[in-house]
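*Asks:* Sharing a structure below in structure tokens format, with a few things to ask.
The values are calculated or read from the model by the stated rules, or taken from the named source; none is laboratory data. Note that this is a predicted model, so its numbers are computed, not measured. Neighbour counts run over all protein chains shown; Cβ positions are idealised from the backbone, glycine included. The area values use the complete protein model at the heavy-atom level, side chains included, leaving out ligands, DNA and RNA. Shrake-Rupley method; radii C 1.70, N 1.55, O 1.52, S 1.80 Å.
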Amino acid sequence: MRDIGRFSPWLRACTLLAAVLAGSVSAFGADEPATKPSTEPAAAAAAAPVVAAPDPIGFNGGPTNPLLNPNSYLTGWVTGSADKNLDADSGGTFKPWAGDKPTVEELGQHTAKLYYSMNFVWVLISGFLVIFMQAGFALVETGLIRAKNAAHTMSMNFAVYALGMFGFFVCGFAIMCGGWNGTAIGGPGMLGGLPTMNSMFTVGSSVAGDSGWGLFGMKGFCLTGAAYDGAVVVMFLYMMAFMDTTATIVTGACAERWSYKAFCIYSIIIGAFIYPVFACWVWGGGWLAQLGYRAGLGHGVVDFAGSGVVHLQGGALAIITSLLIGPRIGRYTADGKVNPVKPHHIPMVQLGTFILAFGWFGFNAGSTLAASDGRIGMVAVNTMIAGMAATVTGIIYMWVTTGKPDPAMMCNSMLAGLVAITAPCAFVAPWAAFVIGAIAGVLVIWSVNFFDKIRIDDPVGASSVHGVCGAFGVLCVGIFADGTYGNGWNNVGWKEYMGVAGQGVTGLLYGDSKQIIAQIIEVVVCVAWNFIVGGIAFWLVGKLVGNRVSAEVEIAGMDIPEMGAVAYPEFLTPVLPESITPQQVADVRKGVLIV
């Protein structure tokens, strides 16, 4: 019974969390079911009239015929003669057309299905690449901490995939994307617009046919009802992978002292609420995206692949949680000295960095959401160039200032360049991608040193890589965007922008002084949201189950006390917390003893 008593706060927390999540679904009610999933369209939709309408997001740079929409409630993607691939008269032989030659209707159906199927596959494969980045994060973070905590850190990176996804599945995706078509921005046209995701909680008056400023979506809980659709679930997979990146960033910042119980609860909260709300404001048709057509601030907030939505959110959470949980024991002394804590496995860090760089092509190029988008190559090349430039400048800076290139810091420099190019990658020329990466490669080093000076202990530099360089990347859209891409983005400038037909997202260097204002607003709002809401949530979890392990557990190593297994039993002799004396704790706090 004593063992049960020890875990009673943990059991109460799990019960409370389950009740809250279940209540979120029942409170909004079950969605009205869609006619059918788009993988089995209704034949009756064929009778609906075809009316030309613009692509609501503007990825395709112009009008898109609804005939190409794959959803059962729209025209085009219908069950018709083009689906009759078996010829009964010939004993079941495959036959692509009902007759000897295709009709115009059959050609239209096949063209529509080819277009959307190609985009579906592109987004899914890109999502698989982003999910594989989880392995890269796990290797980087685990390599950068001490061997005595390797199993604990790796286990956080492993479990956050499932924990974050659980929260996102239950209510996070609905909050983020359930209101896509609830404002004048609309859903991604290259995937059919996702018209069933159309319930947005709004405030304020109507502009351009919307119902006010969008705050959060209200459809798609547990992928039921309106979300039970072939196109919607493709976006769920892709958006889930992005959300998990944000949740993973926090595990590195709080490594080597974060209780596993607290980590589990907080990761679910990130996926269920913290991340989705802000993501809705930028990517889900919410109020930050509406700043363009409602307030005249350029194209509204533009964040192509998530320097702000994904990385700055994760970085801001990393800063506030690192601050609240406190530095590792002995990291800083009373006289202001910074005691170095050496990474235990540099090759692991560098391998993880390469995996992340590879997965980043799915992150950035995949955010076109269309294999048919001719900008894919430019996005991929800009991503590669920025990572290269950041690595080079990071190596040179460390070599000049310390005499050594520093293998760990060169990895952080590469990641900083990739983070910084994530928002502007589709809107800038390759020369600008080089400049952005080159600046980020040094900026991250300055930032790491700054956080050490103010005694915010981030064992893997996540606050700098993702927070500082994420903010820098968001601002770069408002500076370097050259107007060659993004015509109609966020429902702005379909016919012309700045008096030029076809002009896309444009920054300061190319004559638009308003876009940078929208980008600054994104940075400020993102930091404020995550500091306040993320900080309160972290504090509450700490009160509930305790965020930090005891000093004895931290000094002995967290693998055995927290996980029950060590990462390297052949090379590392486990130390039990009970064997740590008060004098050893005092010596470590003073920096006399480093373990």
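*Asks:* Tell me, how many Å apart are the Cα centres for the stretch 423-472 and for the stretch 519-595?
*Replies:* 25
*Asks:* For the pairs K342/K590; K113/K495; K453/K543; K342/K404, note any where the Cα-Cα span goes beyond 26 Å.
*Replies:* Listed pairs above 26 Å: K113/K495; K453/K543.
*Asks:* Of G535, G478, S513, which is farthest towards the positive pole of the stretch 445-547's charge dipole, taken about the Cα centre with +1 and -1 on the beta-carbons of Lys, Arg and Asp, Glu respectively?
*Replies:* G535
*Asks:* For the stretch 502-595, which chymotrypsin sites (Phe, Trp or Tyr not before Pro) are both in a DSSP coil and crowded by at most 15 other Cβ atoms within 10 Å?
*Replies:* Qualifying residues, ordered by number: F571.
*Asks:* In terms of modelled amide H atoms, which long-range or inter-chain residues lie less than 5 Å from the amide H of F216?
*Replies:* Answer set, sorted by chain and number: F201.
*Asks:* Percent of accessible area on the stretch 179-278 owned by carbon and sulfur, 1.4 Å probe?
*Replies:* 68
*Asks:* Another question about this same structure. Between I536 and D100, what is 0.36 nm times their sequence separation minus the Cα-Cα distance? Round to one decimal in nm. Write down the numbers at each step before the final one.
*Replies:* On the way: separation 436, 0.36 × 436 = 156.96 nm, distance 6.73 nm.
Extra length available between I536 and D100 comes to 150.2 nm.
*Asks:* Another question, then. In square angstrom, rounded to the nearest 10, how much accessible surface does L475 have for a 1.4 Å probe?
*Replies:* The value for L475 is about 60 Å².
*Asks:* A further question follows. So, for the stretch 209-296, what is the accessible surface per residue at a probe of 1.4 Å, expressed in square angstrom?
*Replies:* 18
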